[in-house]
Every structure is written in structure tokens, then in C-alpha cells.
Amino acid sequence: MLNLGFLSSHSGSNVQAIIDNVASGKLRANLCALVSNNSHAFVLERAKKANIPAFHISSHNYADPEKKIIEVFNEHNVNTVILAGYMKKVSADLIHNFSNRVLNIHPALLPKFGGEGMFGSNVHKAVIEAGEKTSGATIHLVTPNYDDGKILNQMTVPVLDNDTPETLAKRVLEIEHILYTDTLIKIANGEILIP
Ligand code: GAR
């Protein structure tokens, strides 16, 4: 069974999509805990509303936030860590603790348009400036290097001639909401194999 622990920094619409798909029975998973590094993140409200234990953990309130995150996830029996709009680099310790079970969603078609600094609208701006006709979203395993781990699943969207980073971000986010759940279902039923 997938026991999910979430890391998310802002709105958390990807977390909400997973919450909704579990509630509807589409995805079988336990929603064990959610951690945000941002005490004002709307995702904390989303988690509380869904009765998911929610925690603000950052260097503002913990001397060793990464250690605390691992503790919280272990206490709540997390076996799969879901990064969804998490704007911090996760520690090698966390990656080691949840070996090959830390997933991230990236708002472009990796291996292109990834790496340090490539988050949010920076990604979509780079895609448009490169003249790409297609973009999309990628779910990949997390390694100590940014956006570097094994690619598990991708979905594409067109890039339109008059796109701005905002219009493209909106189109990509719509498929992100499908892609995370689709990936988790395929992991659960063995269609996507992770080491
Ligand atoms: C999503 O588009 C996600 O792919 C992106 O942040 C957004 C979070 O939206 N993540 C990154 O850029 C990480 N490199 P959400 O908070 O509404 O799920």
C-alpha cells in the first residue's frame, strides 16, 4: 500500500488533486502526513481540511529541519515521499531514508529545462524562449542532484504561439493534476517499475 508523505511549499494544487482522487476511490493510498517549509502555505489548510497531519518545518523553527522531516514521516509510517511544488532541495539523508521512494513533479519535459533555478515560471519562460512546440510535466525519482533521477512518467501539452509563461503554466498544471495520480496508480499496479 502507498503511504504518502507530502512536501509542498505554496498552493498545493497537486496535493489537492491527489487528495480528491483518493477520496473518490480512483487512487488507493494512505495520506499520512504533509510538511511545508512555509508557515503561510495554503497547502497546510488543504491538508488540515482533509484530516492529514500537517506540519510547518523549516530552519525558522527547527535547528535540523531535514532530520525533523524524516522523524515526522517515520512516525506517520510514510513509505513514499511526494514532492509537489516543494521549493527546497531535499537532503541526501531523506533520499537515503526513503530510497527510490522520493518522487518529484517538474513542470517541463525533463531532461530538458531542469536543474538549479528551474522552477515555477522560470521553466515556462525558458521553454517559450527556446521556441519549443511542446512542453509538459515529468514525474521522476529524486536524487541529490536537481531534476536528475530516473524519469517515471510524462505527459505533454502544446506550446501555443501567443503563450506567456502564465498561460503555459496553467496548461501544464492541468495535466500535472492528472499525471501524479496516474503515476502512483501505475507504481501500485506494477506498470511503472521503480528499483
Ligand atoms: C507545479 O507546477 C510544480 O510542477 C512546480 O511548482 C508548481 C506547484 O504548484 N514545481 C517546481 O517548479 C519544482 N521544480 P502547486 O503548489 O499548485 O502544486
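Yes/no matrix, rows are residues, columns are (1) closer than 23 Å to Ser24 by Cβ; (2) in contact (Cβ under 8 Å) with a residue 12 or more places away in the chain:
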site: His96; (1), (2): no, no
site: Val142; (1), (2): no, yes
site: Tyr146; (1), (2): no, yes
site: Lys150; (1), (2): no, yes
site: Asn153; (1), (2): yes, yes
site: Leu160; (1), (2): no, no
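Pairs linking a residue in the range 123-139 that is surrounded by fewer than 18 Cβ atoms within 10 Å (Cβ to Cβ) to a residue that is in a strand (DSSP E or B) and of a type in the set (S, T, N, Q), with Cβ atoms under 7 Å and 6 or more positions apart or on different chains, are Thr134/Thr156.
No other residue among Ser13, Ser99 is more than 11 Å from the ligand (Cβ to nearest atom) and surrounded by fewer than 19 Cβ atoms within 10 Å (Cβ to Cβ) apart from Ser99.
Is one or more of the residues making up the range 153-165 within 11 Å of the ligand (Cβ to nearest atom), within 24 Å of Ile18 (Cα to Cα) and surrounded by 13 or more Cβ atoms within 10 Å (Cβ to Cβ)?
The answer is no, given that none of the residues of the range 153-165 is within 11 Å of the ligand (Cβ to nearest atom), within 24 Å of Ile18 (Cα to Cα) and surrounded by 13 or more Cβ atoms within 10 Å (Cβ to Cβ).
Considering every residue within the range 27-48, establish whether at least one is away from the ligand (no atom under 12 Å from the Cβ), under 30 Å from Val159 (Cα atoms), assigned to a helix (DSSP H, G or I) and modelled with pLDDT of 95 or more. There is no residue in the range 27-48 that is away from the ligand (no atom under 12 Å from the Cβ), under 30 Å from Val159 (Cα atoms), assigned to a helix (DSSP H, G or I) and modelled with pLDDT of 95 or more. Within the range 39-70, the set of residues being crowded, with 20+ Cβ neighbours inside 10 Å and either touching a residue at least 60 places away in the same chain (Cβ under 8 Å) or in contact with a Ser or Thr (Cβ under 7 Å, 6 or more places away or on another chain) (or both) comprises Ala41, Val43, Leu44, Ile69.
The values are calculated or read from the model by the stated rules, or taken from the named source; none is laboratory data. These numbers come from a predicted model, not from an experiment. Methodologically, a virtual Cβ is constructed for each residue, glycine included, from the backbone with ideal geometry; neighbour enumeration extends over all protein chains shown.
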